[in-house]
Amino acid sequence: MRKTVLYGILCLAWLLSGAMGTTASAQEQKIGYVDSDYILSKLPEYDGVQQTLQRLSENWRGELQKMDQEIEGLRKEFQAKEILYTEEVRKEKKQEIQDKVQQREQYLQNKFGADGEYYQRQKELLAPIQRKVFQAVQAIAQRDGYDFIFDRAGDVSIMYSRGQWNLSNDVLRELGVNVDEASN
């Protein structure tokens, strides 16, 4: 999600610069980049988000394991007693197993699907952090006169870039995080 939004912003900025009919040459434009994955990894509040999501995930995976065990138990019981069941009971037991499998699949989709609780919770927890990073990038861009700042993490990639244009540590400093220059 974050990468898609950043990609959209970058494309819009690129299109707008062309649509404005800017006559400035590429040499007059100031371009920088950041690595948002690196920035997030250095923010203490991001660790808290990751831990919260990990706990949620572990709890839900525990529920899925219980469901798997219940389904497996029903299948074993059915196999062991199948010859004793009447046709009607056999159909009922098969339907009971199928219902449990469907409940498990629905639970999995509700928790981990594209619009599941995990994704919603992740989006909710990351939004304030992403907003802070975006504001820091904007502040640096305005303060230092950058025309474009790209994010090298995710879908947008840069085939070559000079390290001097990496603004990731500047963004971290803007956010109040003490960084070691050699760690990037």
Out of the range 26-55, which residues are in contact with a strand residue (DSSP E or B) (Cβ under 6 Å, 6 or more places away or on another chain) and either surrounded by fewer than 13 Cβ atoms within 10 Å (Cβ to Cβ) or not in a helix (DSSP H, G or I) (or both)? Ile31, Gly32, Tyr33, Val34
When restricted to Glu96, Glu58, Glu82, Glu72, the only residue of a type in the set (Asp, Glu) and exposed (fewer than 11 other Cβ atoms within 10 Å of the Cβ) is Glu58
Being closer than 26 Å to Ile39 by Cβ and over 15 Å from the mean Cα position of the chain (by Cα): is that true of Asn166 here? yes
Can you tell me which residues in the range 106-117 are over 13 Å from Glu63 (Cβ atoms) and in a helix (DSSP H, G or I)? Gln109
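Read-outs throughout are calculated quantities, based only on the coordinates presented, and are distinct from any laboratory measurement. In this text, all values refer to a predicted model and were calculated from it rather than measured experimentally. Every residue, glycine as well, gets a Cβ built from its backbone with ideal geometry; the counts of neighbours run over all protein chains shown.
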